Every structure is written in structure tokens, then in C-alpha cells.
Amino acid sequence: MTTTAVITGASSGIGHAVARRLHADGMNVMLAARRADRIESLTDELGERAAFHVTDVTDRSAVEALVAATDEAFGQVDVLVNNAGVMPISPLAMRRVDDWNQMIDVNIRGVLHGIDAVLQQMIGRKEGHIINVSSVAGHKTSPGTSVYSATKYSVRAISEGLRQEMAPLGVRVSVVSPGAVQTELGDSITVGAIRDAIAANLDFEFLDPGDIADAVAWVVGQPPNVCVSEVLIRPTGQVI
Ligand SMILES: NC(=O)c1ccc[n+]([C@@H]2O[C@H](COP(=O)([O-])OP(=O)(O)OC[C@H]3O[C@@H](n4cnc5c(N)ncnc54)[C@H](OP(=O)(O)O)[C@@H]3O)[C@@H](O)[C@H]2O)c1
């Protein structure tokens, strides 16, 4: 049976590249994000074995509907790539509480909603693979990235707990933690001066989203007895 993968945040950057790569590897892919035009056009381009569902991962019922639509289109969910994320970073003293809450809602609650929506069917089948996208920022924090880092540390904590719970049940759980990748993520920074400072300071060659898609494809492609717990992947020139 053809493997089916659901990819959140498939409208740009890493999720877009992962959807393309897993489809090229022969999987059915269900693309999820809020921007309908983006996921619809990639779905059209991919053709057979691709579908999309407009989804806001902060909305639990929307994520449940995404999984129901995937079951309807392809029969089941074999792989979930919990990739959707935002990064409106700023120093805590700037009091950008709405940005903090958005990161918590998308980067933590969104991941939990995805896990909850697929877990029962995976446990029932004693197979399945959940891949959560964390970050180098899930290993290190620095001035301005406290809340973003907290969300990405959380992704690793949730993933490790889930991995331990699922190990006896045959469901695999993996984390992919990228360093700097050339995507639209910087656009989610709401303070212009911070956006500009980051662009000016990160003067090394970034990873391409396809580099992360290669890592995800490798993680997914392992035999059932192999669970890659985490892949940490940086640009060669990234020091931190
Ligand atoms: N780029 C990097 O350097 C880097 C490094 C480490 C980790 N990461 C992580 O990689 C993941 C993908 O980011 P990216 O770099 O590819 O950035 P991106 O190009 O900005 O993509 C982010 C994706 O998340 C989706 N998204 C945001 N809020 C959403 C919501 N409420 N519901 C559903 N989808 C939502 C966006 O789609 P819509 O706006 O259409 O909903 C978009 O498809 C994130 O988790 C990010 O934290 C990135």
C-alpha cells in the first residue's frame, strides 16, 4: 500500500520542499497550511497522489478535519510531519505578549494537535511515524529568542516523551532540528529592526529547504525497526 504523509506548513519553505520530496519518493501527500492558493497550486503541480486541506494548526478541530480528509482521500495517515511554525522573536522586555502567545499556539499547541489527531489510528495499527520539526534553537537560547527557543525545546521534550510512550507500541517518533534555512520564516518577525539585524548578522550560506527535505526523506525511509530520534543539521558556516 502507498505510504501517506501529512505535512503541515506545506505552503512555503521546508514544508513545501518536504511535500515535493516525499511525493517524488512515491508517497501520497496531504498538504496543510492556511494559504489555500499556495497549497492548491503545489497540489495541482504534483498531480496524482497529492491533495490539500486548508488548516490552521492552532485550531484543534481543523487539525482533526485535516486527518479526516486524509483518511477519506488516501485511507490512513502513515507519516505526520509536524512542521508549521512561526518565529516572531524579540527581547522579553519589549513585552510583545501577543507574539509569545502566537509562537506557543502554533509551535507547541499546533504540534500537540497534530499528534492527538493521528495517534489513536497509529496505535491501533501498531505502526506510524510522527516527525516533529524543532530547531537548533531547541538546543540553545540567546537574547531575543527565549520564547521561540522555549517552543522548540518543548517540541523536543514532547517528542522524547512520546517516543518513550510509543516505543512498545510500534509507532516511531523523530525530531528534525535545522539550523538556518533560506525560507520565509524571517518574515514572521514583527519588529523590523530585529528582522534587519538578523539578516545583516547571519552572513554565511544558509541551508536550502531541500537539504531538510532530504533529511526528512532519510528519516522516513528507514526500515520499521529503525527509529531516528533526532537529526540536527546546520549550515557549514553556522557557528552557534
Ligand atoms: N528557516 C529556518 O532557519 C528554520 C530553522 C529551524 C527550524 N525551523 C522550523 O521549520 C519549520 C518550517 O519553517 P520554514 O523555515 O519553512 O518557514 P516558512 O517558510 O515561514 O514556513 C512556515 C510554514 O508554517 C505555516 N504556518 C504558520 N502558521 C500556521 C498556522 N497557524 N497553521 C498552519 N500553518 C501555519 C505557514 O503556512 P501558512 O502561513 O500558509 O499557514 C508556512 O507554510 C518551522 O517549525 C520553523 O520553526 C526553521
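Values quoted throughout were computed directly from the atomic coordinates according to the rules given, and no laboratory measurement underlies them. Since we're looking at a predicted model, the values are computed, not measured. Using ideal geometry, Cβ is built from the backbone for each residue, glycine included, and neighbour counts are taken over all protein chains shown.
Key figures for this structure:
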{"item": "Residue satisfying all of: in region 1-20; small (Gly, Ala, Ser) and more than 9 Å from the ligand (Cβ to nearest atom); nearest to MET122 (Cα to Cα) among these", "result": "ALA5"}
{"item": "In region 27-41, the residues that are touching a strand residue (DSSP E or B) at 6+ places or on another chain (Cβ under 6 Å) and either touching a residue at least 60 places away in the same chain (Cβ under 8 Å) or within 19 Å of ILE131 (Cβ to Cβ) (or both)", "result": "MET27, ASN28, VAL29, MET30, LEU31, ALA32, ILE39"}
{"item": "Region 70-87: number of residues that are surrounded by 20 or more Cβ atoms within 10 Å (Cβ to Cβ) and over 16 Å from ILE131 (Cα atoms)", "result": "4"}
{"item": "Selected residue [in contact with a helix residue (DSSP H, G or I) (Cβ under 6 Å, 6 or more places away or on another chain), small (Gly, Ala, Ser) and closer than 24 Å to VAL181 by Cα] from ALA32, ALA24, ALA50", "result": "ALA32"}
{"item": "First in region 3-26 and without any contact (Cβ under 8 Å) to a residue 12 or more places away in the chain and closer than 19 Å to MET87 by Cβ, second anywhere and more than 12 Å from the ligand (Cβ to nearest atom) and part of a loop (DSSP other than H, G, I, E, B), Cβ under 8 Å, 6 or more apart", "result": "none"}
{"item": "Unique match (being assigned to a loop (DSSP other than H, G, I, E, B), in contact with a Gly (Cβ under 6 Å, 6 or more places away or on another chain) and surrounded by 16 or more Cβ atoms within 10 Å (Cβ to Cβ)) among THR190, THR183", "result": "THR183"}
{"item": "Among (1) within 16 Å of the ligand (Cβ to nearest atom); (2) surrounded by 14 or more Cβ atoms within 10 Å (Cβ to Cβ), the one test that CYS227 misses", "result": "(1)"}
{"item": "Scope region 193-216; condition in a helix (DSSP H, G or I) and either farther than 20 Å from ALA19 by Cβ or in contact with a Phe, Trp or Tyr (Cβ under 6 Å, 6 or more places away or on another chain) (or both); matching residues", "result": "ALA193, ILE194, ARG195, ASP196, ALA197, ILE198, ALA199, ALA200, ASN201"}
{"item": "Residue ID - farthest from the ligand (Cβ to nearest atom), chosen from residues in region 28-41 that are surrounded by fewer than 22 Cβ atoms within 10 Å (Cβ to Cβ) and not acidic (Asp, Glu)", "result": "SER41"}
{"item": "Test: ARG95 is surrounded by fewer than 20 Cβ atoms within 10 Å (Cβ to Cβ), within 16 Å of the ligand (Cβ to nearest atom) and not small (Gly, Ala, Ser)", "result": "no"}
{"item": "Exclusive hit being surrounded by fewer than 21 Cβ atoms within 10 Å (Cβ to Cβ), among the β-branched types (Val, Ile, Thr), under 24 Å from VAL220 (Cβ atoms) and more than 13 Å from the chain's Cα centre (by Cα), set ILE115, ILE108, ILE123, ILE104", "result": "ILE123"}
{"item": "Matching residues in region 164-180 - criterion: being of a type in the set (A, V, I, L, M) and part of a helix (DSSP H, G or I)", "result": "MET166, ALA167, LEU169"}
{"item": "Top-ranked residue of region 1-19 - restricted to ones that are more than 9 Å from the chain's Cα centre (by Cα) and in a helix (DSSP H, G or I), ranked as surrounded by the fewest Cβ atoms within 10 Å (Cβ to Cβ)", "result": "GLY13"}
